[in-house]
Structure formats: structure tokens, C-alpha cells
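What follows is a single structure, written as C-alpha cells, with notes after it.
Throughout, read-outs are computed from the coordinates displayed, never taken from laboratory work. What you see is a predicted model; the values in this text were computed from it and never measured. No Cβ is skipped: glycine too gets one built from the backbone with ideal geometry, and neighbour counts run over all protein chains shown.
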Amino acid sequence: MAARRVVVFPSSAELGPALAHLVTSRAEKAIASHGRFTLGLSGGSLVSMLSKELLALPQLDCSKWVVGFCDERLVSFDDPESTYGLYKSQLFSRVNIPDSGILTINSSLPVNECAEDYTCKLKEAFPDDDIPVFDLLLLGMGPDGHTCSLFPDHPLLKETKKTVAPISDSPKPPAQRVTMTLPVVNAARCVAFVSTGGSKAAILKEVLEGREGPAFPAARVVPATGELLWLFC
Ligand SMILES: O=C1O[C@H](COP(=O)(O)O)[C@@H](O)[C@H](O)[C@H]1O
């Protein structure tokens with residue numbers, strides 16, 4: 001297990017540029033080592049912060065990026081809840097990432113088939129890995145300690161075989177989603193949580209310091225050999 005690094009920023013004005021630097025420095029390193037950069041994106045508050053910060057960079061070359069989704073809501077891409085839809089309008093449409101480098105779900109499928117289809121897409125994108133190994137996963141954490149679409153006390157926390165799982169009883173709407181499982185998250189080369197807002201401070205303390213009772217989903221993110229970073233303000 002690699003060491004965890006926790007960085008506290010006074011505000012999102014400082015956290016944002018550090019996040020952009022993390023992404024571009026990991027991209028540079030990955031492309032130099034294996035010719036492409038594989039990035040897993042979360043939704044929620046991360047979308048606008050990441051998009052704004054990456055677009056503010058003087059130069060951004062995404063031509064060798066392969067982007068997947070740590071979780072995705074099963075809604076059409078033009079629905080305001082669609083994580084892909086939000087990134088498309090705020091980021092992908094403004095940078096040079098090829099369409100073939102964006103691994104979207106098929107939102108017209110029923111949730112179980114959608115998860116199977118996304119599993120196949122990841123397998124095709126990572127033909128040499130038994131389990132997809134992303135260069136960088138950017139995760140959020142909800143005020144209940146959830147991450148991806150892995151919620152407290154949910155049976156999906158125990159999933160060990162699937163790389164992508166369906167969920168149809170998400171306590172946070174929309175109810176139907178697909179999510180990377182903990183084995184994929186914990187196989188990444190680097191996992192970075194981005195957490196902003198005082199409302200999450202109490203739960204963050206419990207995630208970082210542990211608590212009595214079952215660990216929160218976010219606390220179960222412990223990359224086997226990769227790095228774990230927490231960026232929060
Ligand atoms: O529903 C979701 O929530 C989490 C946390 O979102 P935030 O708005 O509290 O940052 C997010 O990471 C996940 O991708 C999303 O589907």
C-alpha cells in the first residue's frame with residue numbers, strides 16, 4: 001500500500017490550479033512512459049472546477065488522452081444529470097481530445113446491460129490489463145462519504161469480481177447508475193480525491209482518521225501500489 005498525501009488549501013482559488021497541475025503533470029509522465037494518458041473522471045462538483053482550471057492553462061494537449069468515467073448516471077446525454085453531457089459542454093468540446101478517446105456509457109441500455117457494455121469498453125481500452133489500470137482517477141466524495149456511485153452500507157462495496165457494476169437503488173438521484181468498483185479504483189496508478197466545502201469537513205475527518213463501525217466508501221479507497229492524494233479546501 002502506497003502512502004497517502006493530504007493537501008489542504010485555503011480555498012478553491014488555490015486548489016483549482018493545483019488540480020490542473022496534477023492532471024497535466026501526470027499526463028506528461030504517462031505519455032512519456034507508455035504513449036497515452038488514461039484518466040477517470042467523476043461527476044458532481046468536480047466537473048465545473050476541473051473544466052475551468054484546465055481551460056485556463058496556456059497550453060493543453062489532450063490528443064493522447066483516454067478518458068473514462070468513475071461513475072455515470074443512466075440518463076440521456078442531454079440531461080443535466082449526465083456527467084458525460086456536462087463534460088462535453090464544459091470541456092471536451094473545447095479541447096483536442098479525440099472522440100475515440102472518450103469512453104462513454106450507452107445510455108439507451110437497461111442498467112445491467114449498460115454496466116456490461118461499459119465493462120467491455122474498458123476491456124477494449126486496456127487490452128493488456130486483467131483489470132484496467134488508470135494513470136489517474138479523480139474522485140469526489142459526497143457528504144455521506146460515498147465516492148463513485150459506491151454508497152455507505154451498499155452491497156456493491158463488497159464487489160470483488162466486476163470492474164463496472166450497475167446500481168439501481170442509488171440513494172442520491174438519479175437512482176440508476178453504473179460505477180467502477182473498488183478493485184478498479186484501487187488498481188489505479190494514482191487516485192486523487194478532490195473535496196471542497198465546509199459541509200464535508202466532519203465526514204472527511206472520519207474518512208481520514210477512521211471511525212467506529214464500517215468504513216465509509218471513500219475510506220475504502222486504498223490503492224494497492226498507486227498513490228493516494230487528498231486535495232481539499
Ligand atoms: O453523485 C455523485 O456524487 C459524487 C460527489 O459529488 P459532489 O458534488 O459532492 O462533489 C461524485 O464524485 C460522483 O461522481 C457523482 O456521480
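Magnitude of the Cβ-charge dipole of the chain, K/R +1 and D/E -1, about the Cα centre, nearest 20 debye?
Values: 22 positive and 26 negative charges, 93 e Å.
Dipole magnitude for the chain comes out near 440 debye.
Only Cα pairs under 8 Å and 6+ residues apart enter the sum, and on that basis the relative contact order of segment 45-167 stands at 23 percent.
How much length is gained on full extension from N112 to E206, taking 0.36 nm per residue of separation minus their Cα-Cα distance?
Result: 30.6 nm gained on full extension.
Positive contributions from Lys and Arg (+1) and negative ones from Asp and Glu (-1), summed over other residues with Cβ under 9 Å from the Cβ of T147, come out at 0.
Using the Cβ atoms and a cut-off under 11 Å, what net charge is assigned to the surroundings of N106, where Lys and Arg are +1 and Asp and Glu are -1? For residues surrounding N106, the net value is -3. Around the Cα centre of segment 98-157, unit charges on the Cβ atoms of Lys, Arg, Asp and Glu (plus for the first two, minus for the last two) sum to a dipole of about 140 debye.
Rounded to the nearest 0.05, the FRET efficiency derived from the C-beta distance between F9 and I131 at R0 = 30 Å is 0.40. Segment 28-68 and segment 120-180 have Cα centres lying 19 Å from one another.
Secondary-structure-derived ellipticity at 222 nm for the chain, considering helices only, amounts to -9000 deg cm²/dmol, per-run term -39500 (n - 2.57) for DSSP H runs with n ≥ 4.
Tell me, what is the percent relative contact order of segment 125-233, built from C-alpha pairs under 8 Å that lie six or more residues apart?
Values: 191 pairs, mean separation 35.1, N = 109.
For segment 125-233, the relative contact order is 32 percent.
Restricting attention to the chain, lysine pairs at least eight places apart or on different chains and with alpha-carbon atoms under 18 angstrom apart total 9. Across segment 4-232, C-alpha contacts under 8 Å between residues 6 or more apart give a mean separation that, scaled by the residue count, equals a relative contact order of 23 percent.
Scanning residues 5 or more positions from L137 or on other chains, those with amide H under 5 Å from its amide H are G40, C190, V191, A192, with H placed 1.01 Å from N in the peptide plane.
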